[in-house]
Amino acid sequence: MITLSEENYLKAIYHLERQERGAVSTNAIADKMETKASSVTDMLKKLADKDYVIYKKYQGVSLTNKGLATAANVVRKHRLWEVFLVEKLNFSWDEVHDVAEQLEHIKSPKLIDELDAFLEFPTHDPHGDPIPDKDGNISKLDKINLSKVELNELCTCVGVIDSSAKFLKYLDKHKIALGTQIKVIEKESFDESMTILIHGLELNISKTVANNIYVKTS
């Protein structure tokens, strides 16, 4: 039986593999899990013994097929619960992560399959992240960072990179959400900040904000 802690490590490796497109370093996992590298090494040895990961000292770690399936299932549960909390229980998108962190460890496959069907098989969570199906497949969405959008181009917000409550509340304050149409009307070469037009109003945003918003261009 896999433990809650082991599932959290597999999920962390799953996300890091997609960012780094290859083997994940022990230090990267330690940073994401907010723990010591020595603790990560101990866990990786346990996961390797259970055939969840391939771990080679100084060469990083990668998920096995078994590990990938397990991690994708945890991510699926997490994101389905986020959809449920927002759509059915009126949570805001900045409130759902911590609750979903607890719900993602429920073991009942029937419950999750029924939840998926009840929600009419959503493909993305409230932050725009893709939801793996029961086989671990995800729907790909063409998207770019808002910072890459050309001047005077119209685009639509489809996701965020930073899903922290602080950033999501910032977006809420300025009425930026999934589906919001955005037009870039000015770019500053000095600090790469930009002025955008949303809901008929101009808003100046920093490079950091622009880098953390995913959009789809027309």
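The values are calculated or read from the model by the stated rules, or taken from the named source; none is laboratory data. Treat the numbers as computed from the prediction; the structure is a model and nothing was measured. All Cβ positions, even for glycine, are placed from backbone atoms using ideal geometry, and neighbour counts span all protein chains on display. These area figures cover heavy atoms from the full protein model, side chains too; ligands, DNA and RNA do not enter into them. Shrake-Rupley method; radii C 1.70, N 1.55, O 1.52, S 1.80 Å.
On the principal axes of its Cα set, how long, how wide and how thick is the range 1-61? Give whole Å, largest value first.
29, 21, 21 Å, listed from the longest principal axis down.
Using amide H atoms built in the peptide plane, which far-off residues or other-chain residues are under 5 Å from Thr64 H to H?
Val53, Ile54
Which chymotrypsin sites (Phe, Trp or Tyr not before Pro) from the range 57-151 combine a DSSP loop assignment with at most 12 other Cβ atoms within 10 Å?
For chymotrypsin sites (Phe, Trp or Tyr not before Pro) across the range 57-151 that sit outside H, G, I, E and B with at most 12 neighbouring Cβ atoms in 10 Å, the list reads Tyr58.
Angle, helix 37-49 long axis vs. longest principal axis of the chain, Cα atoms, 0 to 90°, nearest 10?
60 degrees
Going Cα to Cα from Lys50, which lysines come in below 30 Å? Please leave out same-chain ones fewer than 8 positions away.
Output for Lys50: Lys11, Lys32, Lys36, Lys66, Lys77, Lys107, Lys110, Lys134.
Tell me, what ³J(HN,Hα) does each residue in the range 152-160 have, in order and in whole Hz, if you take phi through Karplus 6.51 cos²θ - 1.76 cosθ + 1.60 with θ = phi - 60° and put x for Gly and Pro?
Whole-Hz 3J(HN,Hα) from phi for the range 152-160: 6, 8, 9, 9, 10, 5, 10, x, 9.
Quick one: plug the Kirkwood hydrodynamic radius of the range 38-88 (C-alpha pairs) into Stokes-Einstein at 25 °C, 0.890 mPa s, and report D in µm²/s.
198 µm²/s
List the trypsin sites (Lys or Arg not before Pro) within the range 3-63 that fall in a DSSP loop (any state other than H, G, I, E or B) and whose Cβ has at most 15 other Cβ atoms within 10 Å.
Answer in residue order: Arg21, Lys36, Lys50, Lys57.
Would you mind working out the accessible area per residue for the chain, using a 1.4 Å probe, and quoting it in Å²?
With all protein chains present, the chain gives 57 Å² per residue.
In whole percent, and with a 1.4 Å probe on the protein chains, what portion of the accessible area of the chain is carbon and sulfur?
50 percent
What residues from the range 86-124 fall in the zone where the backbone N is under 15 Å from a label point 7 Å along the Cα-to-C-beta line of Ser139?
Residues passing the 15 Å test: 116-124.
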